[in-house]
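Since the structure comes first, as structure tokens, the remarks are kept for the end.
The values are calculated or read from the model by the stated rules, or taken from the named source; none is laboratory data. Keep in mind that this is a model prediction, so the values were computed, not measured. We place every Cβ from the backbone using ideal geometry, glycine too, and count neighbours over all the protein chains shown. Accessible surface is based on the protein model in full, side chains and every heavy atom, while ligands, DNA and RNA are left aside. Shrake-Rupley method; radii C 1.70, N 1.55, O 1.52, S 1.80 Å.
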Amino acid sequence: MALAAAERHIVAMGGGGFSMEPRNPRLDDFVLSLVRRKRPPRVCFVGTAAGDSDSYIRRFHESFPPSRAAATHLTFFGRTVPDLKAFVMDQDVIYVGGGSSANMLAVWRLHGFDKVLRAAWNAGVVMAGISASAICWFEEGVTDSFGMPYRPLGDGLGLVRGACCPHYDGEKERRPVLMRLIKRGFPSTIALDDGAAAHFVGTRLKEVVSSRPKARAFRITLRRGVAVEIAIPVRYLGAGR
């Protein structure tokens, strides 16, 4: 009998998680709920986008104590793991932090980590990330990696088609920049407020969940030469949802 294919998950957070909402665990708990092995889930933090910041790594471990997960981290600025694929395949979740999307992707490709992530995703390891690391799973994104103003980033991992724009309500210049890009031919884009996270099963958007009652999500696309916002339903993860 052929084995069933592993279910593939990506959780792209527009903002939130332990680094932005240390007292609001809803998005991180949602990510943990997707793992195949429930007790304890093995979660690896990858902080490349922030240059493997020690403080960022420390906050991750504080937010994922042994009572919650078997937590570890992977660094590339001082790499100590020789076999990246074996290490990553042993995890249940790869949780990628925010920072510079462009720098992160360049470092990953130098180490062959982009191919490792794709293999792990295909094997059922849950992929999650915030901000820069919401962008990375898509083909394109809107980034401040090169300084301001925001610019398109066209070399994402491409696990999901189209583009992503995080912090849609949290950084006021993102919306007008994205609208201009869409009019110039930028691909259809999922825009996520802080606190909103897009959950993909395979390459299909299953739902958008949120840690905040009013967090929104939109599909931004071009219709007859006009950039339009199409609201995506959001499921609030808190009480009274």
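Each other residue within a Cβ distance under 13 Å of K206 adds +1 if Lys or Arg and -1 if Asp or Glu, for a net charge of +1.
Packing, taken as the mean count of other beta carbons within 10 Å per residue, orders the peptides 6-18, 103-115 from highest to lowest as 6-18, 103-115. In the context of the full set of protein chains, residues of the stretch 1-137 present 43 Å² of accessible surface per residue (probe radius 1.4 Å, heavy atoms only).
One Cα centroid belongs to the stretch 45-71, the other to the stretch 192-227; the line between them spans 26 Å. If the segment from S33 to E229 were pulled out straight at 0.36 nm per residue, it would be longer than the present Cα-Cα gap by 67.5 nm.
Comparing R68, R216, R184 in a Gaussian network model of the chain (Cα springs below 10 Å), the most mobile by mean-square fluctuation is R184. Take every DSSP beta bridge whose two residues both sit in the chain; close to 50 percent of them are antiparallel. Listed values for the stretch 152-167 are Karplus-derived 3J(HN,Hα) couplings in whole Hz (6.51 cos²θ - 1.76 cosθ + 1.60, θ = phi - 60°), namely x, 10, x, 10, x, 5, x, 5, 10, 6, x, 9, 9, 10, x, 6, and x replaces Gly and Pro. Once you've got the GNM for the chain with C-alpha springs shorter than 10 Å, pick whichever of R39, R118, R26 has the biggest mean-square fluctuation. Largest GNM mean-square fluctuation: R39. Taking Lys and Arg as +1 and Asp and Glu as -1, the other residues whose beta-carbon sits under 13 Å from that of G162 total +1.
Counting protein heavy atoms only, the stretch 46-85 has 52 percent of its accessible area on carbon and sulfur, 1.4 angstrom probe. Across the stretch 83-98, coupling constants 3J(HN,Hα) worked out from phi with the 6.51/-1.76/1.60 Karplus curve, θ = phi - 60°, read 10, 5, 5, 4, 5, 6, 5, 8, 9, 9, 9, 9, 10, 9, x, x Hz, and Gly and Pro carry x. When the chain is treated as a GNM, springs tying every alpha-carbon pair under 10 Å, which of F218, F146, F30 comes out with the largest mean-square fluctuation? In the Gaussian network model the winner is F146. Surface composition of the stretch 122-241: carbon and sulfur atoms hold 48% of the protein heavy-atom accessible area at a 1.4 Å probe. The computed percent of Cα pairs over 24 Å apart for the structure shown corresponds, within (i) 45; (ii) 50; (iii) 41, to (iii). Of the three principal axes defined by the Cα atoms of the stretch 1-124, the extents in descending order read 48, 35, 26 Å.
Compute the normalised compactness of the stretch 128-241: alpha-carbon radius of gyration over 2.2 N^0.38 Å, N being the residue count.
In units of the globular-protein estimate, the stretch 128-241 measures up at 1.01.
Neighbours of V177 by Cβ distance under 12 Å: Lys/Arg scored +1, Asp/Glu scored -1, total +4.
Is it possible to state the helix-based mean residue ellipticity at 222 nm for the chain, with each DSSP H run of 4+ residues giving -39500 (n - 2.57), the sum divided by total residues, to the nearest 500 deg cm²/dmol? What is it? For the chain, the value works out to -7000 deg cm²/dmol. Calculated accessible area for the stretch 160-241 comes out at 51 Å² per residue, all protein chains present (probe 1.4 Å; ligands, DNA, RNA ignored).
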